[in-house]
Amino acid sequence: VLHLDLDAFFASVEQRDKPSLRGKPVVVGGVGQRGVVATASYEARVFGVRSAMPAHEARRRCPNAAFLAGRFGAYREASALVMARLRALSPLVEPLSLDEAFVDLRAAESVTAFDAVTLQQVVDDLRAAVTAATGGLTASVGVATSKFMAKVASELAKPDGSRIVAAGSEVGLLRPMKVGVIPGVGPVTADKLHRVGIHRVGDLQTVPLDELAQVLGRNHAVALVELAHARDDRPVEPEREAKSISVEDTFERDLVNLDELASILRRDARQVAGRLAAAGLFARTVTLKVRRHDFSTLTRSRTLLSATDRAEVISAVAASLLDAVDVTEGVRLLGVGVAGLTDVLQEDLFSAGLPSDVEELEAEPAVDPRAGDEIAAEPEPRRRPSWVPGADVQHERHGAGWVWGAGVGRVTVRFETRASGPGPVRTFSLDDPELRLVSG
Ligand SMILES: [Mg+2]
């Protein structure tokens, strides 16, 4: 199994497209009073800035960093190029998030043998292809006999490196690592383990199962001991992307009351969240389905920047999708669904307090293969872009640039692009007719 993970993904895309930020600390997602850091560039990490850190803490640690709102369109475009490279290598690709995927190399035509020399060549070629395709982004790659070990290996390889774990060396490699390296060992579990003297994976490799079962319960204990011995036979699942969970209600009479519809959405969202939790999954896309009084059926969906299993998030997104649908003449059926399922939790960074313009980053019509009876969904109107730091702009005379800062009726733009060198900064009135935001 090969695991590829792009390095400091969001921040690297910003540095690629904004030459003046190359080699400098960049924090994506740290905009707004209650903002949370989504990604910090390696230059910002030197100052102790980390993902999921509150923006005010990141600003305290690294006041000179560029704090930028996310540009989901640019991230999604880069991600698609990377996933295409992976699919050219093997048909069995399981994306985990925009910047991360597993690949089953047994299905790769170009992998003629599984010796170290052949694999290293495959990995080197892949990393070079990813960098070329994305205009300079770097990826770290791990290869091992299982998903778990491949992910451990890519983590060891970071940044901009590769690591191949030879079959048979897994247990020894894991032995000195902290227990937190095992998926399913979060702070709470780690704390329980520490209290009984278990700190390293090696401790888990030797602790009697019954003893561990008393601390964690038998199922959890068995799962951890298996992984501590690098026993992980989960297959790479390319179809996982397509899976979805949904709940819908058909009403005996057409509903028109918005409060009533809202409370149905909340209930449906709780059910969907419950099913996600039961399956141990998180969803990246929320879908709303509405059948109106005249039987016209619409689906609307929105993709989040990071996966969630929280009922409040699903419910809030579904409610905002419903806001854009005309339901004045009554609703016959209402449904809430999720897709883009993953078993890897990325904290829901972008819903944690960014300005609302940044929070809702993507809107596109849902494509539901089972929905043969449905009228093609109209794309939901995009949220109006705003002058958030980092946003792309176009000026009729000065060309392409990005919002460096804005306030009191004025906006400062740096005119530079991926292909230019670092460019000049100019300030304009916000109502300058020659200047416009480019949605991204
Ligand atoms: Mg990454």
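Any read-out appearing in this document is the output of simple, stated calculations on the displayed coordinates, not a laboratory observation. For clarity, every value in this text was computed on a predicted model and none was experimentally measured. No Cβ is skipped: glycine too gets one built from the backbone with ideal geometry, and neighbour counts run over all protein chains shown.
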Based solely on its DSSP helices, what 222 nm [θ] is calculated for the chain when runs of n ≥ 4 H residues each add -39,500 (n - 2.57) and the sum is averaged over all residues, nearest 500 deg cm²/dmol? -10000 deg cm²/dmol
With an 8 Å Cα cut-off and a minimum separation of 6 or more residues, compute the relative contact order for the chain in percent. 16 percent
Counting each pair of different Cα atoms once, what's the Kirkwood radius of the range 42-167 in Å, rounded to one decimal? 16.1 Å
Considering the Cα positions of the chain, please state its Rg to one decimal place and its Dmax as a whole number of Å. 23.7, 73
Sequence gap of 8 or more, or different chains, plus Cα separation below 20 Å: how many lysine pairs satisfy both in the chain? 8
For the range 79-92, just list the computed ³J(HN,Hα) in residue order, Karplus coefficients 6.51, -1.76 and 1.60, θ = phi - 60°, integers in Hz, with x standing in for Gly and Pro. 4, 4, 5, 5, 4, 5, 4, 5, 6, 6, 7, 8, x, 9
In the range 190-279, with Lys and Arg counted as +1 and Asp and Glu as -1 at Cβ, which of these residues, Asn257, Ala221, Pro238, has the Cα nearest the positive end of the dipole, that is, farthest along it? Ala221
Counting only residues 5 or more places away or on other chains, whose amide H sits under 5 Å from the amide H of Gly405 once H atoms are built in the peptide plane? Thr412
Between Leu341 and residues 5 or more places away or on another chain, which pairs have amide H atoms under 5 Å apart, with H built 1.01 Å from N, and which residues are they? Lys243, Arg284
Residue-wise, which Karplus ³J(HN,Hα) couplings in Hz belong to the range 289-305, taking 6.51 cos²θ - 1.76 cosθ + 1.60, θ = phi - 60°, and x for glycine or proline? 10, 10, 10, 8, 4, 8, 6, 5, 10, 10, 10, 10, 9, 9, 9, 8, 6
So for Tyr75, Tyr42, fewest C-beta neighbours within 10 Å to most, what's the order? Tyr42, Tyr75
Please identify, among Pro235, Pro187, Pro422, the residue showing maximal mean-square fluctuation in a Gaussian network model of the chain using a 10 angstrom Cα cutoff. Pro187
